[in-house]
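K.L.:
Starting off with a structure, shown below.
The values are calculated or read from the model by the stated rules, or taken from the named source; none is laboratory data. Just so you know, these numbers come straight off a predicted model, no measurement behind them. Every residue, glycine as well, gets a Cβ built from its backbone with ideal geometry; the counts of neighbours run over all protein chains shown.
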Amino acid sequence: MTERMTDAEGLMWRLEKDPFLSSTFSNVSILDRPMNVTSFMRRMHRATIAIPRLRQRVQPAPANLGAPFWQPDPNFDLAHHVRHIALPGDGSMRQLLDLATLFTADPFDRARPPWQFLIVDNVEGGRSALISKIHHTITDGEGGVLLSMQFIDLERDAPEPAPLPEPEPTETHVDDEAADVLRAAMGDALRIPL
């Protein structure tokens, strides 16, 4: 099922191609110990069920007439969105922040949902870090905090949340969806003053 972006979301998405007008926000969270990656991946899987937008990609309107659409990513793969690396050498804060800068500046794969996390080990002092990069069309700052509640605990060694039922497989009827998108785009084009 497709869902049209709002005009503001569509504008933010189109401006994303210019790095000076990017609507991507990022965050670096420093963790006081190495992350349990297996647990984090379970929680992120759960988050993609609780927040379906995390499994949706942006589909442009035909001929870019009108706002783009959200569409389920038929090839959604959590491993593409969550990566795990270690800093080299002493894992200084400077190395971490330089990595965060490069990670954030790297453009999204526009064929996939526009968000990524990077788990970073070997941060000085035996710590780790989580760098998140999320496009503003997925959520704003307040929503980002709510999203983080899906995978960050406020108590050490908190119990795992209960799993959620897996989402129903998305049936994609290309002809029907293409027709819906085209109809909406044509409607938008007809409303554009000449």
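K.L.:
Which of the residues spanning region 53-73 are within 11 Å of residue 14 (Cβ to Cβ) and either without any contact (Cβ under 8 Å) to a residue 60 or more places away in the chain or among the β-branched types (Val, Ile, Thr) (or both)? Outline the logic, then answer.
P.N.:
So the first thing to find is which residues in region 53-73 are within 11 Å of residue 14 (Cβ to Cβ), and the list is 58, 60-61, 64, 67-68.
Passing the criteria: 58, 60, 64.
K.L.:
Right, here's the next one. For region 61-74, check the following and say yes or no: at least one residue is exposed (fewer than 13 other Cβ atoms within 10 Å of the Cβ) and outside any helix (DSSP H, G or I).
P.N.:
Yes, region 61-74 contains a residue that is exposed (fewer than 13 other Cβ atoms within 10 Å of the Cβ) and outside any helix (DSSP H, G or I).
K.L.:
Could you list, in sequence order, the residues of region 127-156 that are over 22 Å from residue 105 (Cα atoms), part of a loop (DSSP other than H, G, I, E, B) and either within 16 Å of the chain's Cα centre (by Cα) or at pLDDT 95 or above (or both)?
P.N.:
Hits for region 127-156 are 149, 150, 151.
K.L.:
Scanning for something free of Cβ contacts under 8 Å to residues at least 12 places away in the same chain and within 18 Å of the chain's Cα centre (by Cα), does region 78-93 turn up at least one residue?
P.N.:
So far as region 78-93 goes, yes, one or more of its residues are free of Cβ contacts under 8 Å to residues at least 12 places away in the same chain and within 18 Å of the chain's Cα centre (by Cα).
K.L.:
Would you check if residue 101 is β-branched (Val, Ile, Thr) and free of Cβ contacts under 8 Å to residues at least 12 places away in the same chain?
P.N.:
Yes.
K.L.:
So how many residues does region 1-50 have that are among the charged types (D, E, K, R) and either under 30 Å from residue 158 (Cα atoms) or in a helix (DSSP H, G or I) (or both)?
P.N.:
So the count comes out to 8.
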